[in-house]
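Notes to accompany the following structure.
The values are calculated or read from the model by the stated rules, or taken from the named source; none is laboratory data. Source: prediction; values computed, not measured. Every residue, glycine as well, gets a Cβ built from its backbone with ideal geometry; the counts of neighbours run over all protein chains shown.
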Amino acid sequence: MKRIKGGKMGNYQLIATAAMGLEALVAKEVRSLGYDCEVENGKVIYTGDEYAIARSNLWLRTADRIKIKVGEFKAYTFDELFEKTKALPWEKFLPEDAEFPVVGKSVKSTLFSVSDCQAIVKKAVVEKMKQHYKRSTWFEETGAYFRIEVALLKDVATITLDTSGQGLHKRGYRVDQGEAPLKETLAAALVLLTNWKADRPFMDPFCGSGTIPIEAAMIGQNIAPGFNREFVSERWNWIPSKVWQDARTEAEDLANYDQPLDILGTDIDHRMVKIAQDNAFEAGFADLIHFKQMQVRDISTNKQYGVIVGNPPYGERLGEKKEIENMYKEMGQAFNALDTWSKYILTSHEQFEQFYGRPATKKRKLFNGFIRTDLYQYWGKRPPRQNERIQEK
């Protein structure tokens, strides 16, 4: 993807935050936007201008938020935290009427009281703004919203501004959901971790509210996941509205709405099937994704070389385990016939392979919220190459 170029632009250190285990995927997405990056635990760091802020928010499917790093420094005392925060160039970011709440966290640091750290950072920013705007009174904070975060890790304070507002998993299409919904960012990651291409069939046998099939459809048609929502930084006076217009025009131009899709979501619960249909309608895929009520043991198809991605129940609740393990057995038996299909199953059940009836080709550790899970990958036969097909005829 080519990078949009503007006129005179700023240069910002950006952080795309990521759930544990998804950092490499987020980095791949950042690089595909044209930005070099470094990967750390829970985040991907890169440099970009105002267009990078807009494009990152619109396009990154697997990141949680896009933040601007305002500063980073060691802080062992509250005085240090105050003075070093005050020294940062807040006048570049915050207009006089800015609303700027401060949130915080502290891990393995001398300054462990988060509420005190938040109060000190707030006071330091206020003092810097009083100097810059030549004010002696408090600020009304009636304008655009700038959420500041102070994150302390091993006595290093990182001060950031959140450009996203609501987390990036909030795509705007979910009108309803089940009891334990899968985050849209993780659903997109599950699709991106497969070998699926838009010209092949795709199936989710535990579709719930339809998140995985909808994310697959967005990937299949190259639709920017943030296209139908707003971001808090759209109201910031130093990001020209033309930046957002250009970024949205680029997203519209790159979408392939004519790409045909063969996507099926099934679920045992007819109520979830209805919710999934409503969500797909809201996302604009009412005619492209098919949903039906079905038990996993009844799944069969004559289609070839498809991909199954499923997030089945894990059996975490008391009394459910035996029932779930039996369902895993039935799944293994049903999927055994689909030898050209690749299957990717996410579960926290440590004996999944035993009940499924086969060891996975590969396993990948992921976190579904705070639950440690494994993505069990069963790779199907590869489709013959084009020249092999010609020879066969």
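Some notes on this structure:
- Positions within region 253-289 being small (Gly, Ala, Ser) and on the phi < 0 side of the Ramachandran plot, in sequence order: 255, 265, 276, 280, 283, 286
- For region 164-209, filtering for residues that are at negative phi and under 15 Å from the mean Cα position of the chain (by Cα) leaves 22.
- Yes/no for residue 215 being outside the structural domain of residue 374 (by TED's automatic domain parsing) and assigned to a helix (DSSP H, G or I): no
- Test: residue in region 73-87 that is among the acidic types (Asp, Glu), over 25 Å from residue 111 (Cα atoms) and not assigned by TED's automatic domain parsing to the domain that holds residue 217: no
- Residue count for region 300-323, restricted to those that are in contact (Cβ under 8 Å) with a residue 40 or more places away in the chain and among the polar types (S, T, N, Q): 3.
- Residue in region 108-124 that is in contact with a Lys or Arg (Cβ under 9 Å, 6 or more places away or on another chain) and over 16 Å from residue 158 (Cα atoms) present: yes
- Flag for residue 323 being part of a loop (DSSP other than H, G, I, E, B), surrounded by fewer than 13 Cβ atoms within 10 Å (Cβ to Cβ) and not hydroxyl-bearing (Ser, Thr, Tyr): no
- For region 327-355, the set of residues classified as part of a helix (DSSP H, G or I) and either touching a helix residue (DSSP H, G or I) at 6+ places or on another chain (Cβ under 8 Å) or among the hydrophobic types (A, V, I, L, M, F, W, C) (or both) consists of 327, 328, 329, 330, 331, 332, 333, 334, 335, 352, 355, listed by residue number.
- Residue in region 283-293 that is outside any loop (DSSP other than H, G, I, E, B), free of Cβ contacts under 8 Å to residues at least 24 places away in the same chain, more than 23 Å from the chain's Cα centre (by Cα) and farther than 23 Å from residue 327 by Cα present: no
- Test for residue 126: is it surrounded by 15 or more Cβ atoms within 10 Å (Cβ to Cβ), without any contact (Cβ under 8 Å) to a residue 60 or more places away in the chain and among the hydrophobic types (A, V, I, L, M, F, W, C): yes
- Leading residue by the ranking (nearest to residue 12 (Cα to Cα)) among those in region 35-63 that are assigned to a loop (DSSP other than H, G, I, E, B) and touching a residue at least 12 places away in the same chain (Cβ under 8 Å): 49
- Yes/no for residue 331 being under 18 Å from residue 306 (Cβ atoms) and either surrounded by 13 or more Cβ atoms within 10 Å (Cβ to Cβ) or touching an Asp or Glu at 6+ places or on another chain (Cβ under 9 Å) (or both): yes
- Qualifying residue in region 135-146 (condition: in contact with a Phe, Trp or Tyr (Cβ under 8 Å, 6 or more places away or on another chain), of a type outside the set (Phe, Trp, Tyr) and within 30 Å of residue 224 (Cα to Cα)): yes
- Where a residue in region 80-96 is surrounded by fewer than 19 Cβ atoms within 10 Å (Cβ to Cβ) and its partner, wherever it lies, is of a type in the set (Phe, Trp, Tyr) and assigned to a helix (DSSP H, G or I), with Cβ under 7 Å and at least six apart: 96/133
- Region 334-346, residues that are surrounded by fewer than 20 Cβ atoms within 10 Å (Cβ to Cβ) and polar (S, T, N, Q): 336, 340
- Qualifying residue in region 263-274 (condition: in a loop (DSSP other than H, G, I, E, B) and closer than 13 Å to residue 291 by Cβ): yes
- Count of residues meeting criterion [closer than 14 Å to residue 314 by Cβ and either outside the structural domain of residue 312 (by TED's automatic domain parsing) or assigned to a strand (DSSP E or B) (or both)] in region 356-375: 8
- Options 61, 3, 65; residue that is outside the structural domain of residue 374 (by TED's automatic domain parsing), at pLDDT 95 or above and in contact with a strand residue (DSSP E or B) (Cβ under 9 Å, 6 or more places away or on another chain): 65
- Meets criteria (polar (S, T, N, Q), surrounded by 15 or more Cβ atoms within 10 Å (Cβ to Cβ), at pLDDT below 95 and closer than 30 Å to residue 62 by Cβ) for residue 177: yes
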